[in-house]
1. Under a plain spin-label model, where a point goes 7 Å from the Cα along Cα-to-Cβ, how far apart in nm are LYS211 and LYS410?
2. Could you state the number of Å between the C-alpha centres of segment 200-275 and segment 390-453?
3. At a 1.4 Å probe, what is the % contribution of carbon and sulfur to the accessible area of segment 346-538?
4. At 0.36 nm per residue, and after removing the present C-alpha to C-alpha distance, how many nm does the segment from LYS236 to GLN596 gain when stretched out fully?
5. Order the peptides 433-445, 157-169 from the highest to the lowest mean number of other Cβ atoms within 10 Å of their residues.
6. Please list, or write none, the lysines whose alpha carbon is within less than 30 Å of the alpha carbon of LYS141, excluding same-chain residues fewer than 8 places away.
7. Multiply the residue separation of GLN292 and LYS109 by 0.36 nm, subtract the distance between their alpha-carbon atoms, and state the gained length in nm to one decimal.
8. Only four residue types carry charge here, +1 at the Cβ of Lys and Arg and -1 at the Cβ of Asp and Glu. Report the dipole size of segment 48-114 about the Cα centre in Debye, rounded to the nearest 20.
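The values are calculated or read from the model by the stated rules, or taken from the named source; none is laboratory data. It should be emphasised that the depicted structure is a prediction, and the values quoted were computed from it without experimental measurement. Backbone-built Cβ (ideal geometry, glycine too); neighbour counts: all protein chains shown. Note: areas computed on protein heavy atoms with side chains; ligands, DNA, RNA excluded. Shrake-Rupley method; radii C 1.70, N 1.55, O 1.52, S 1.80 Å.
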Amino acid sequence: MLFCRLLPTGFLLLSATALLTAQPAGAALASQPTQKAVQGPTQTGRVDSAAFLAAVVATHNGDDVQAAQSFRAASAADPANPELIRQAFVRSVLAGDPEAVTLAARNEKLPGGQTIISSLVLGNDAAARGDWKTAASFYRKAEADPMAHLIMPLLQAWCAQAQNRMDEAINGLTRTQGSVLVPFYTTHAALIAQVSGNAPRAGDLFAQAAKLMPGYDLLLTRSHAAWYWSQGQQSKARDLLRGMIESDPILALAGKQLQAEISHFPVTTAQQGLARAYVLTAFLLRQQSRQQEQERTAANQHAPTDHQFDEASRLMLGFALGLDPRLAEARLMLADIQDDEGHHDAARDTLLRIPPTSPLAPVAAFKLALADNTTDHLEEARIKLTQLVQDNPDRLLPVRVLGNTLAALKDWKGALAAYNKAIELNKAHNKKDDWSLLFLRAVTYHEMDDWPRAKADLKTALALVPNEPLVLNFLGYSMAERREELPEAERMLRHAVELDPHDAAIRDSLGWVKVEQGDLKEGTALLEQAAEQTPEDPEVNYHLGEAYWRAGRHSEGVDQWNVALGLKPEPRDEALIRAALARAAAAGDKKAEQIQQAPHPSPSEVQAQGKHTP
């Protein structure tokens, strides 16, 4: 029984309300778009139902390009419907569709049609055309908005720089005090000085920003290193960049590429500066979203996640990519948001658009491999991770994830080699064992039928984390499978239930060990609870059937085994289920005999049988 929950690879203050409601400009432009759209186009009765439904489906799937096209088609059929017009506009912005500019210009002319988003769209368009005076004018229209108030100093500063007003631009950023944004404003002030050709002032501002910044910032560190390099201080440049790279195991995958690009400033034009300002805003919104999620978790609130902040972040990233389509940082953040929203294919497509020449291409390749794992592109993931391991032979992270991918492919020999390498690298770097790597290797040994080595790794892992339910469950259940030390297995599993009382897999394990000890009353009750929680787990249903059979409830036991067969069990579990049915048939059970002779039932065919539904 494999309870292998892949561990996360990274254990990596603003309000979006104003942005999404745009107070005088029209309510809730981007907030809860799907729910609003589902209300349906009812303004005039001229309904393009096919386009509207296609837009709703595309929105649900995270396909902004298709959603934009479909909402525009729906609004064309019902041009007086303001909600369809808003949806067509916001989806066009999210998709980076040039039509967003046309829609924004049209909205600006309507009573109450001007919003922060339309002003930013038109300002960005003017900036891209080199009309910086007009860009600044559009940006000022959004100044009163609380969200725009935070990004406005950056937008106006870059507009000023583009018009050769460096001092005005820098003063506008450096006069702000007491804000969490001061380190970021100071970084942009340094970039403005550098783009304007004032290297001494840029150096002073980079040094000031570095003192203010809490931890490493990719834009600041790369820019400061490039400045050191331009001043002939190559050793300082390399040391600064190396310190950042070594602090982040994912960024370390791009270490060689970042060092190779050390002399290149990430921002060399005002338009690129604007793009970075939008990425910063998206990052801050993302942090706010995560903070709220942590607060909900701490308060034990299980309400669905509100994606309002994430949608606002995606809008900002759309602006950034419209201004600088090659900006890898924006695509990486966008893919993370799409992945969190469950739009895994969209995240994968976003990552594929990062140029292979980008210094962050290895980071994109790693995240793409993770996306491939999520979307069942396992062979593609294996190829990418194998290359990353070859390119980074001393890095732990890619070889560990390669092991996970090979395990998913059931290449147990390859997975074992990867985990052995990962354990070796971990000891070399950290001088101590990592229980999670030992656990993953134990799972691999278990699948290879090497129980002595699996048990040894699990024992070592348990000594490191005696209160880890994952280890307690796997070891306790594996011992119960082999009828080894059943009292000790029960002790471990009871402890695991105390630590994680809602985990159905642990409850199943404890129920099974009680059945094996002959306590059918408690064992059956526990297994019934596990089956209610995980009705489509074939092994839980097999266990429950076994408990029923041993308790003399033969008909219910056979029904439960029939359910288990219809749930596509693993070959090992299927063998156990068929052996149980053969035993029942040999005992004269006609139903078991019929099931053996019949084709394999599908889950839908056994839906009404057994206790696999709550």
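1. Each label point is offset 7 Å from its Cα along the Cβ direction, giving 6.2 nm.
2. 34 Å
3. On the way: 4220 of 8200 Å².
The value for segment 346-538 is 51 percent carbon and sulfur by accessible area.
4. Values: separation 360, 0.36 × 360 = 129.60 nm, distance 7.36 nm.
Going from the current span to full extension adds 122.2 nm.
5. Working: 433-445: 22.5, 157-169: 21.0.
With the highest mean Cβ count within 10 Å placed first, the list reads 433-445, 157-169.
6. LYS36, LYS109, LYS133
7. Working: separation 183, 0.36 × 183 = 65.88 nm, distance 3.69 nm.
So the extension gain works out to 62.2 nm.
8. I would put it at about 160 debye.
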